[in-house]
Amino acid sequence: MTSFSGVYPYLVSPVTDGGQIDKPVLTALVEHLINSGVHGLTPLGSTGEFAYLNADQRTEIVKTVVEAARGRVPVIAGVAATTIQDAVAQTARYAALGVDGILAILEAYFPVSEQGVEDYFRAIAAAAGKLPVVLYTNPQFQRSDLSLPVIERLSHVENINYIKDASTNTGRLLSIIERTQGRMQVFAASAHIPACVMLIGGVGWMAGPACIVPKQSLALHEAVKQGDWKKAMELQRPLWRINEIFAKYSIAGCIKAALQLQGFAVGDPLQPQVPLNEAARQEIAEVLRSVGAL
């Protein structure tokens, strides 16, 4: 089974005004990130605006990324649904396209019981076959979250090997690491805490900011791997500005605006989200310049 670690950018989803996936732009972004040295790619994460895409668009994005990556780095595709039936169908579809892993996300309108949450992720793991599964928990956006007991039980499923926890609660991460006893590896979920997460036993990070600061992210990862914590924190602290700007503006809008400034015509965030105004774009440009990304 493939082992995942390192920097995995959450890819944006470039969509034309006519609703088509802009394959050339997405392919160019994939090529740029691989050439920058990233360890893997994650289409259809939060930054990929999966909640705003239809099934055909999601499939086209995964297909495009797999074809563009050409096996050079692992591709972990996001599966997100409100029903087990849909989640299983997505998982089977992306597995057939040649992904290397599944990022499992639970969408919920009505609250879901702990048993329902557990059943959902177990069904995805079964549909994934031998593909590794990464659980994704983000209490900021999700109606129903993964509790620690559910995470511990799911860690005994053979191919549920990873979790990306976006709670930003390092105490919760320590609890996960202690409860799962090496059965489940932890990915950080934000540009401001990966050094901390790796210090306590994490294996890397999956995050949208890595799309716009891949080289800075990789330098930080290398410092951590070398155990040079002084250098790691020198690299980590400036990246806090990236998170500050994301907290101020919408995530997808901010990353798409940043990529546009870097020369990638990824378009605007999908409606009903609205594009950032010129003042916001200038502020993002200043932040990018401050970390050497523009």
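The values are calculated or read from the model by the stated rules, or taken from the named source; none is laboratory data. A quick note: this is a predicted structure, and the numbers were derived from the prediction, not measured. All Cβ positions, even for glycine, are placed from backbone atoms using ideal geometry, and neighbour counts span all protein chains on display. Protein only, heavy atoms only, side chains kept; ligands, DNA and RNA dropped before computing areas. Shrake-Rupley method; radii C 1.70, N 1.55, O 1.52, S 1.80 Å.
Each row is one residue, and each column tells you yes or no for (1) assigned to a helix (DSSP H, G or I); (2) open to solvent by 50 Å² or more (accessible area, probe 1.4 Å); (3) at pLDDT below 95.
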site: R183; (1), (2), (3): no, yes, no
site: F187; (1), (2), (3): no, no, yes
site: A210; (1), (2), (3): yes, no, yes
site: L239; (1), (2), (3): yes, no, yes
site: N243; (1), (2), (3): yes, no, yes
site: G253; (1), (2), (3): yes, no, yes
Q: Kindly list the number of the only condition in (1) of a type in the set (G, A, S); (2) under 24 Å from F141 (Cβ atoms); (3) touching a helix residue (DSSP H, G or I) at 6+ places or on another chain (Cβ under 6 Å); (4) open to solvent by 10 Å² or more (accessible area, probe 1.4 Å) that fails for S217.
A: (4)
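Tell me, yes or no, whether region 149-160 has at least one residue that is more than 23 Å from T2 (Cα to Cα) and either open to solvent by less than 10 Å² (accessible area, probe 1.4 Å) or free of Cβ contacts under 8 Å to residues at least 60 places away in the same chain (or both).
Residues of region 149-160 that are more than 23 Å from T2 (Cα to Cα), as a first pass: 149-150.
Checking which are either open to solvent by less than 10 Å² (accessible area, probe 1.4 Å) or free of Cβ contacts under 8 Å to residues at least 60 places away in the same chain (or both) leaves us with 149-150.
Scanning region 149-160 turns up at least one residue that is more than 23 Å from T2 (Cα to Cα) and either open to solvent by less than 10 Å² (accessible area, probe 1.4 Å) or free of Cβ contacts under 8 Å to residues at least 60 places away in the same chain (or both).
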Q | Check on Q226, open to solvent by 10 Å² or more (accessible area, probe 1.4 Å) and closer than 19 Å to L41 by Cα | A | no
Q. Of all residues in region 1-31, which are outside any loop (DSSP other than H, G, I, E, B), under 13 Å from the mean Cα position of the chain (by Cα) and small (G, A, S)?
A. G6
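Considering R93, R72, which residue is surrounded by fewer than 17 Cβ atoms within 10 Å (Cβ to Cβ) and in contact (Cβ under 8 Å) with a residue 12 or more places away in the chain? Talk me through it step by step, then tell me what you get.
Details: R93 fails: surrounded by fewer than 17 Cβ atoms within 10 Å (Cβ to Cβ).
Selected residue: R72, the only one of R93, R72 that is surrounded by fewer than 17 Cβ atoms within 10 Å (Cβ to Cβ) and in contact (Cβ under 8 Å) with a residue 12 or more places away in the chain.
Quick one: how many residues across region 6-27 are open to solvent by 60 Å² or more (accessible area, probe 1.4 Å) and either touching an Asp or Glu at 6+ places or on another chain (Cβ under 7 Å) or polar (S, T, N, Q) (or both)? Walk me through it before giving the result.
Taking region 6-27 first, the residues open to solvent by 60 Å² or more (accessible area, probe 1.4 Å) are 17-18, 20, 23-24.
Restricting the remaining residues to those that are either touching an Asp or Glu at 6+ places or on another chain (Cβ under 7 Å) or polar (S, T, N, Q) (or both) gives 20.
Matching residues across region 6-27 total 1.
Could you list all residues from region 18-59 that are among the charged types (D, E, K, R) and without any contact (Cβ under 8 Å) to a residue 12 or more places away in the chain?
Residue satisfying the conditions is D56 alone.
Counting only residues that are aromatic (F, W, Y) and surrounded by 22 or more Cβ atoms within 10 Å (Cβ to Cβ), how many does region 28-56 have? Talk me through it step by step, then tell me what you get.
Of the residues in region 28-56, the ones aromatic (F, W, Y) are 50, 52.
If we keep only those that are surrounded by 22 or more Cβ atoms within 10 Å (Cβ to Cβ) too, we end up with 50.
Number of matching residues: 1.
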